[in-house]
Amino acid sequence: MTIVSPREFAAQAPPRTLAATKQRAAIDRRHPRHDIYAVPRFLRRLAGALVLVWLVFTLTFVLLHAAPGDAADLLIPAGATPADAARLRASLGLDQPLALQYAEWVVRAATGNLGESMALARPVGAVLADVLPASLALGLASLALTYLVGVAIGFAQAARRGPLDTLTTLATTAVYATPTFWLALATIALTTLGASALGVPAAWRLPAFGLRSPGLDLTGWAAFADIARHAVLPVLVLSAVGAAGVARYARSSAIVLLGEPWMRTARAKGATRRAVRWRHLLANALPPLVTLFALALPGVVAGSVFVESVFGWPGMGRMLVQAIGAHDVPVVLGATLAYAKVVILANLAADTALAALDPRRA
Amino acid sequence: MNRTERIATTMLAGIALAAVVGPWLAPADPLQLGDVIGARLLPPLARDGAGALHLVGTDRFGRDLLVRMLVAARLSLAVGVVGAVGAAALGALAGALAGWRRGITDTLLMGVADVGLALPRLVLLLVCAALWQPGALSTVVVLVATGWMGVARLVRAEVLGIAQRPFAEAARALGAGPQRVLWRHVVPQAMGPVLVATTLGIGNAILLEGGLSFLGLGVQPPSPSWGNMIAGGRDLILVAPWVAIAPGLLLVLTVSCCTVLGDALEARLRGEVSAPAP
């Protein structure tokens, strides 16, 4: 008699009798074929992410109170009288015990009521909602371009090593070392001065400032095309630095994979180069690619702060810089929390995807 | 050392040497304003009214850009090196304690590190810079405060593994106290990755200092730093592009060299990986 594991037994021919069906069901219950821990694990990750968001709330509170003076000092406009200051302190609850202020801050942050912008006299939520679409459009377009171009460059380098690979590595290293704000300025100088030196007609030149052409009242596709034209330079600058970073990581992880013994085995057993690259390599490269996506995001977020400032793109990064300049603390904290939520959410998604792709990492 | 690494080392040493020696050799005080009208915004390789050659041109006040770039290099390099080394030291300390003590120390320290890592570093920097008075010293403090988490995670993982190795047990068996085992036997073994992280961190810190100074939240003019020099050339970008471009080129060169050296150290540490194409 051969020993058959429950899983193998279950995989045999379909049960023919009622008793066999019941027996099969019993085995399936004891040895489920799907990962029954997937949902609890996701819930635990979700809880972890929520705790992290709460801790970021706490960090902003601590930072605000560790700064010299109290929040009111930062909020009080220059030239206010001491009586006004005292009134503001009382209205902000700064005469309350610290623990109470903290509890109130957490409740307010959790319910999305982040207070009112000092500079714009509007709720922070509304201010951020205004700038979010422009940032999301710029960020998502750049993230996609960063990731696709970066992975393509890195993998191409790993596949064919030689002088071209060395040159490309030098190029990605240099671009990766480039500050986004400087690249943005250099691009503006290059396109604007270059276009006038070469005599490029005005209709072909790419605008280097803002979201829309001033003075034009466009609708529908024309408006979209106008915005897209304004987005070309910011997206290119933002993606270039990110793609260089992604290419560096993608190259080294592809090199590690190409050196694995199972790659040689696959070739030795007769699989074609194409099959090895697209089936064996790609299947194993997916986990590092997911990790890379999560790694690329903070870079794009950080770069967008500068790109939006230099190109006058009306997004959250430019808003953050302006709010810092204006000492508009509620907006600064609101934007910080928004950025933290985006990064935490992306990490949660990447962890979940990783666990699904590679159960060993669950 | 291959050729790229030798070139990177030489260039980095050259930039550091030029930063230290260059301003002494310069004919004029870099902060001194001279003949503003006659010498302002001269393009690279131009001579001013007095016949002095300006290799990379002059800024809007007629100050020689090369001299200012070298003075700025002192501050930018110092802020970058101190910021990165400080962050690595703090991270190594936190990571070693977390990995050695385990338990509540570990949970607390790594919790704080995770919170710090959940925010993009630049955003954290901006918030800190917004709440404190900007300046070179506060930039260093903020760089250290926002840069230690990655190193702490690295060192903790290393210490967890190394603490189980026979030589750590042997040291304990010979009667060494826990502090001695940790700092004399375990932590030195974990220093390789820290060295790599620090080298890459210097480049990163220089970039971040540049960014903060560009936004007016880092080193304040009139003391020049690469970031605030680029900011100074921002509105001249179509009139006199070299004012913003030149300091940026030097910054890119410096950070690239740091990256090349960091990569080289990492490769050395890991043993070179070579992969045949399939």
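The values are calculated or read from the model by the stated rules, or taken from the named source; none is laboratory data. All of these numbers come straight from a predicted model, not from anything done at the bench. Note: ideal-geometry Cβ built from the backbone for every residue, glycine included; neighbour counts use all protein chains shown. Accessible surface is based on the protein model in full, side chains and every heavy atom, while ligands, DNA and RNA are left aside. Shrake-Rupley method; radii C 1.70, N 1.55, O 1.52, S 1.80 Å.
Worth a mention:
- The requirement of being β-branched (V, I, T) and within 14 Å of chain A (Cβ to nearest Cβ) is satisfied by B:V196.
- All conditions but one from (1) in a helix (DSSP H, G or I); (2) at pLDDT 85 or above apply to A:A302; the one that does not is (2).
- The criterion of being open to solvent by 50 Å² or more (accessible area, probe 1.4 Å), of a type in the set (D, E, K, R) and within 13 Å of chain B (Cβ to nearest Cβ) does not hold for A:R251.
- Residue in region B:98-119 that is among the basic types (K, R), open to solvent by 10 Å² or more (accessible area, probe 1.4 Å) and within 12 Å of chain A (Cβ to nearest Cβ) present: no
- Sole exception among (1) open to solvent by less than 20 Å² (accessible area, probe 1.4 Å); (2) touching a residue at least 40 places away in the same chain (Cβ under 8 Å); (3) within 21 Å of A:A296 (Cβ to Cβ) for A:A177, by number: (2)
- Options B:A145, B:A152: the member that is part of a helix (DSSP H, G or I) and open to solvent by 10 Å² or more (accessible area, probe 1.4 Å): B:A145
Matching residues to (1) more than 13 Å from chain B (Cβ to nearest Cβ); (2) open to solvent by 30 Å² or more (accessible area, probe 1.4 Å); (3) modelled with pLDDT under 75; (4) more than 22 Å from A:L292 (Cβ to Cβ):
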residue: A:A152; (1), (2), (3), (4): yes, yes, no, no
residue: A:L190; (1), (2), (3), (4): no, yes, no, yes
residue: A:G199; (1), (2), (3), (4): yes, yes, yes, yes
residue: A:G215; (1), (2), (3), (4): yes, yes, yes, yes
residue: A:T219; (1), (2), (3), (4): yes, yes, yes, yes
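One line per residue, one yes/no per condition, for (1) under 29 Å from A:A338 (Cβ atoms); (2) open to solvent by less than 80 Å² (accessible area, probe 1.4 Å); (3) at pLDDT 80 or above; (4) not small (G, A, S):
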{"position": "A:R7", "(1), (2), (3), (4)": "no, no, no, yes"}
{"position": "A:R44", "(1), (2), (3), (4)": "yes, no, yes, yes"}
{"position": "A:W54", "(1), (2), (3), (4)": "yes, no, yes, yes"}
{"position": "A:Q101", "(1), (2), (3), (4)": "yes, yes, no, yes"}
{"position": "A:A110", "(1), (2), (3), (4)": "yes, yes, no, no"}
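- Restricting attention to region A:60-88 and to residues that are under 19 Å from A:V107 (Cα atoms) and open to solvent by 50 Å² or more (accessible area, probe 1.4 Å), the residue that is modelled with the highest pLDDT turns out to be A:V62.
- Failed item in (1) surrounded by fewer than 18 Cβ atoms within 10 Å (Cβ to Cβ); (2) among the aliphatic types (A, V, I, L, M); (3) part of a helix (DSSP H, G or I), with B:A176 passing the rest: (3)
- Condition check for A:A356: more than 12 Å from chain B (Cβ to nearest Cβ), more than 23 Å from A:G245 (Cα to Cα) and open to solvent by 20 Å² or more (accessible area, probe 1.4 Å): yes
- Some residue of region B:208-227 being open to solvent by 30 Å² or more (accessible area, probe 1.4 Å), in a helix (DSSP H, G or I) and either within 11 Å of chain A (Cβ to nearest Cβ) or farther than 16 Å from B:V71 by Cβ (or both): no
- Qualifying residue in region B:34-45 (condition: open to solvent by less than 30 Å² (accessible area, probe 1.4 Å) and at pLDDT below 70): yes
- Considering residues of region A:255-271 that are more than 10 Å from chain B (Cβ to nearest Cβ) and not aromatic (F, W, Y) only, the residue least open to solvent (accessible area, probe 1.4 Å): A:G270
- Filtered by the rule that a residue be more than 9 Å from chain B (Cβ to nearest Cβ) and in a helix (DSSP H, G or I), region A:325-340 gives A:P330, A:V331, A:G334, A:L337, A:A338.
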